[in-house]
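Below is one structure, written out as structure tokens; the observations come after it.
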Amino acid sequence: MPLLHFLIPLGAVLIWSGNMTINQLTVGAIAPSSIAFLRWVLALAVLTPLVAPAAWKHRAVIRREWPKLAVLGLLGMGLWQGLAYMAAETTSATNMGILAAMVPLLTVLLSALILREPPSLGGVAGGALALVGVAILLGHGNPLSLLELTVAKGDALMLVAATCYALYGVMLRRWPIALPPWVLLYGQVIFAVLILLPPYLLGPMTPVDAGNIGLILYAGIPASIITTFLWMLAIRRIGASQASIFINLMPLFSAIIAMFALGEHIALHHFLGGGLILAGVVMAQILTQPLRRRAGVTQGSTHRSC
């Protein structure tokens with residue numbers, strides 16, 4: 001397979017990792033409710049002349065499926081990024097990158113609960129391993145501190161944000177909406193803008209100025225539109241399973257970018273917690289044999305031996 005095919009998801013993950021640093025730079029420059037709203041307004045303005053004609057042709061499907069589009073817009077664009085901007089106020093870009101890398105594992109676990117997909121050996125074992133890693137990361141090297149409820153607010157918010165994005169992926173699979181990919185995205189963006197409007201109006205409404213316009217542009221175009229295009233292209237070229245493996249590079253890329261751009265320091269608990277989370281995610285993606293089928297095979301072999 002051409003190397004170029006693997007550079008496509010790599011580029012998307014690099015932009016997402018850079019967005020973790022952008023989240024940090026928004027602190028003090030623009031309110032979370034403002035950038036969460038303005039980035040999707042910008043994305044909507046860019047997409048409208050390109051996608052609106054196709055969306056109009058599919059208006060009957062959009063009218064019929066609007067509740068699902070609204071839920072997807074809330075989970076994948078409203079809560080995922082809105083909570084991430086709030087998390088950036090009390091946690092580091094490195095922690096955010098590590099916790100965001102849990103999305104594939106959380107997707108496996110939520111798929112078992114919602115889609116009734118049999119849990120796999122890797123999903124169960126990897127989930128347990130990653131949970132230990134999360135405890136070490138959130139406890140800053142001391143998992144027992146979680147019993148004292150001393151978890152940083154930003155870390156908890158980022159974990160909720162990752163769960164929302166994992167749920168977004170699961171619901172996207174559960175609801176096969178008959179729309180072309182760009183029209184599907186466009187519909188979600190419209191509802192995300194509508195959902196994020198009330199928090200934006202309630203304020204604080206940060207004015208756009210020279211200090212935050214670059215942050216809005218990065219979040220609205222590369223981190224919203226370009227990554228979506230690259231990710232859809234990656235899934236088409238190499239498949240969803242292989243593409244999702246590249247998300248595991250987010251902790252590394254986020255930490256490196258944060259070191260150079262923000263001067264963040266990497267501590268031992270980052271390596272230990274991040275390593276366990278990464279190992280758990282990889283385990284969940286590699287060991288995909290369903291436990292239910294494994295049990296059935298074992299019982300069948302026992303009956304044959306009798």
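The values are calculated or read from the model by the stated rules, or taken from the named source; none is laboratory data. These numbers come from a predicted model, not from an experiment. Positions of Cβ are backbone-derived with ideal geometry, glycine not excepted, and every protein chain shown enters the neighbour counts.
I'm told Asp209 meets every condition in (1) in a helix (DSSP H, G or I); (2) charged (D, E, K, R); (3) free of Cβ contacts under 8 Å to residues at least 60 places away in the same chain except one. Can you identify the failing condition by its number? Among (1) in a helix (DSSP H, G or I); (2) charged (D, E, K, R); (3) free of Cβ contacts under 8 Å to residues at least 60 places away in the same chain, the lone unmet condition for Asp209 is (1). Of the residues making up the range 134-149, one or more are in contact with a helix residue (DSSP H, G or I) (Cβ under 7 Å, 6 or more places away or on another chain), modelled with pLDDT under 80, part of a helix (DSSP H, G or I) and farther than 20 Å from Ala279 by Cα.
Which is assigned to a helix (DSSP H, G or I) and either without any contact (Cβ under 8 Å) to a residue 24 or more places away in the chain or surrounded by fewer than 17 Cβ atoms within 10 Å (Cβ to Cβ) (or both), of Ile235, Ile216, Ile277? Testing whether each residue is assigned to a helix (DSSP H, G or I) and either without any contact (Cβ under 8 Å) to a residue 24 or more places away in the chain or surrounded by fewer than 17 Cβ atoms within 10 Å (Cβ to Cβ) (or both) leaves just Ile235.
Is there a residue being β-branched (Val, Ile, Thr), at pLDDT 90 or above and either under 22 Å from the mean Cα position of the chain (by Cα) or exposed (fewer than 14 other Cβ atoms within 10 Å of the Cβ) (or both) anywhere in the range 162-174? There is at least one residue in the range 162-174 that is β-branched (Val, Ile, Thr), at pLDDT 90 or above and either under 22 Å from the mean Cα position of the chain (by Cα) or exposed (fewer than 14 other Cβ atoms within 10 Å of the Cβ) (or both).
Gly28 meets each of the listed conditions (1) on the phi < 0 side of the Ramachandran plot; (2) assigned to a loop (DSSP other than H, G, I, E, B) apart from (1). With respect to the conditions (1) at pLDDT 80 or above; (2) surrounded by fewer than 20 Cβ atoms within 10 Å (Cβ to Cβ); (3) at negative phi, Ser224 falls short on a single one, namely (2). A Cβ distance below 8 Å, combined with a sequence gap of six or more or placement on separate chains, defines the contacts here; from the range 39-64, residues that are touching a residue at least 24 places away in the same chain (Cβ under 8 Å) reach no residue that is basic (Lys, Arg).
Here Leu44, Leu7 are screened, and the one residue that is closer than 23 Å to Gln188 by Cα and more than 19 Å from the chain's Cα centre (by Cα) is Leu44. Among the residues of the range 200-212, is there at least one that is touching a helix residue (DSSP H, G or I) at 6+ places or on another chain (Cβ under 9 Å), over 18 Å from Met96 (Cα atoms), at pLDDT below 85 and β-branched (Val, Ile, Thr)? Looking for residues that are touching a helix residue (DSSP H, G or I) at 6+ places or on another chain (Cβ under 9 Å), over 18 Å from Met96 (Cα atoms), at pLDDT below 85 and β-branched (Val, Ile, Thr), one finds none in the range 200-212, hence no. Could you list all residues from the range 57-77 that are of a type in the set (A, V, I, L, M, F, W, C) and more than 16 Å from Ile195 (Cα to Cα)? Matches in the range 57-77: Ala60, Val61, Ile62. For the residues Ala54, Ala84, the requirement of being more than 17 Å from Leu197 (Cβ to Cβ), of a type outside the set (D, E, K, R), in contact with a helix residue (DSSP H, G or I) (Cβ under 6 Å, 6 or more places away or on another chain) and modelled with pLDDT under 95 singles out Ala84.
If I ask for residues that are surrounded by fewer than 23 Cβ atoms within 10 Å (Cβ to Cβ) and assigned to a helix (DSSP H, G or I), which ones from the range 80-101 would you list? Met86, the sole residue that qualifies. Report yes if Thr21 is among the β-branched types (Val, Ile, Thr), part of a helix (DSSP H, G or I) and either over 15 Å from the mean Cα position of the chain (by Cα) or under 30 Å from His269 (Cα atoms) (or both), otherwise no. Yes, satisfied. Residues that are modelled with pLDDT of 75 or more and either surrounded by 20 or more Cβ atoms within 10 Å (Cβ to Cβ) or not in a helix (DSSP H, G or I) (or both) within the range 254-266 comprise Ser254, Ala255, Ile257, Ala258, Gly263, His265, listed in sequence order.
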